[in-house]
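Okay, structure first, notes after.
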Amino acid sequence: MDQPRRVEHQMTDKGYVPVYTTAVVDQPWASYSAEEHRTWATLFERQMALLPGRACDEFFAGLSELGMSPHSIPKFSELNEILRAKTGWTLIAVEGLLPELDFFTHLANRRFPVTWWIRKPEQIDYISEPDLFHDLFGHVPLLMLPIFADYMQAYGEGGLKAARYGNEPLTELTRLYWYTVEFGLLNTAQGLRIYGSGIVSSKSESLYSLESTAPNRIGFDLKRVMRTRYRIDTFQKTYFVIDSFEQLFRATVDPDFGPIYYELKGAEAFPAGDVLDGDRVFQSGSGEGWPVDGDV
Ligand code: PHE
Ligand code: FE
């Protein structure tokens with residue numbers, strides 16, 4: 001496999017990460033080695049053994065409608081036919097994390113950037129940047145759910161708008177993405193379920209997010225989330241729980257964030273692990289094993 005082309009390292013909202021070329025490429029499917037297909041299969045099977053009863057129904061529905069399987073790394077062109085017909089989204093292959101404005105522009109146009117390369121066998125349990133498995137297995141199934149597909153497009157538009165308001169709004173919007181799209185939990189009649197892509201693509205966090213007594217689990221509240229710092233290097237100290245995708249949509253897509261950004265101007269951010277008055281607490285975490293600092 002050709003190594004992805006790294007341009008430079010840069011401090012971003014995801015930490016100090018390599019920034020790749022912004023080019024949209026063709027997924028070089030024929031170049032995947034047998035070992036890389038095996039890595040996909042291993043990760044896929046491992047998560048499928050863990051996620052029943054833990055991930056939400058909507059995730060499984062999307063995954064199976066897309067026909068993803070451990071057999072081989074999916075072809076984006078085949079997924080795209082199904083995705084376009086259902087919610088109008090298109091996967092585009094990229095080298096890795098994109099500059100924020102490019103990312104927002106793609107989302108606003110219902111294009112989801114997917115890193116085309118997969119982690120090395122020695123990175124099976126942990127990789128610090130998104131790869132094919134995280135982007136595809138983690139994010140794409142919910143793009144088959146119309147309300148979530150609409151949320152993601154609106155988020156892209158919201159990002160372009162936040163960028164015009166400045167850095168603080170961008171930070172607040174990024175926290176919203178982090179605590180929903182990446183690390184969100186859903187309250188169901190059967191109990192809490194995972195929908196966040198950063199959790200479903202991680203073996204250890206799939207268990208930790210739901211079963212550990214260490215983290216807080218707190219009901220979703222827009223401004224609370226927008227003010228809450230997060231961790232990029234460890235499990236989350238707090239997970240926010242939505243009651244439904246409809247609730248998430250109404251709380252985020254419907255309101256104009258302009259006045260909210262104005263209201264939050266200069267407001268102090270909350271540490272990642274705090275429980276506050278007024279929180280709807282599902283679990284107040286024991287905090288066991290938490291590092292003292294490193295919130296971003
Ligand atoms: N409604 C937000 C705004 O007016 C945009 C948005 C949509 C933000 C969806 C997040 C998620 O800026
Ligand atoms: Fe992600």
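For the reader, a short list of remarks on this structure follows.
- Residues of the stretch 99-143 with amide N under 20 Å of the 7 Å Cα→Cβ point at Ala30: 116-118
- Note that the stretch 220-282 carries a Kirkwood radius of 13.1 Å, evaluated over its alpha carbons pair by pair.
- Pairwise FRET efficiency - Glu288 versus Arg46, Cβ, R0 = 25 Å, nearest 0.05: 0.50
- Put simply, the convex hull of the Cα atoms in the stretch 113-161 casts, on average, a shadow of 4.1 nm².
- Take every Cα pair under 8 Å whose residues are at least 6 apart in sequence, average their separation, divide by the length of the chain, and the relative contact order is 17 percent.
- Cα-based Rg / Dmax (Å) for the stretch 110-237: 15.0, 42
- Counting only aspartates and glutamates at least 8 places from Lys75 when in the same chain, those with an alpha carbon closer than 13 Å to its own are Asp26.
- Förster-model FRET efficiency, 30 Å R0, Lys265 and Asn109, C-beta, rounded to 0.05: 0.50
- All-pairs Cα distance distribution in the chain, expressed in whole percent, bin size 10 Å: 6, 29, 38, 23, 4, 0
- Relative to one another, the C-alpha centroids of the stretch 88-139 and the stretch 42-77 are positioned 16 Å apart.
- Cβ crowding within 10 Å averaged over residues, with 137-149, 275-287 ranked highest first: 137-149, 275-287
- Normalised per residue, the accessible area of the stretch 9-283 is 41 Å², obtained with a 1.4 Å probe and no contribution from ligands, DNA or RNA.
- Taking all protein chains together and rolling a 1.4 Å probe, Lys203 ends up with roughly 90 Å² accessible.
- DSSP beta bridges in the chain [antiparallel fraction, %, rounded to 5]: 50 percent
- Point-to-point label distance, Val275-Val253, nm (Cα→Cβ direction, 7 Å offset): 3.3 nm
- Straight-line cross-link reach from Lys265 at under 27 Å between alpha-carbon atoms covers these lysines, not counting any fewer than eight positions away in the same chain: Lys14, Lys161, Lys223, Lys237.
The values are calculated or read from the model by the stated rules, or taken from the named source; none is laboratory data. All values reported here derive from a predicted model rather than from experimental measurement. When we count neighbours, we look across all protein chains shown, and the Cβ atoms used for this are built from the backbone with ideal geometry, even at glycine. Side chains included, ligands, DNA and RNA excluded: accessible areas come from the protein's heavy atoms. Shrake-Rupley method; radii C 1.70, N 1.55, O 1.52, S 1.80 Å.
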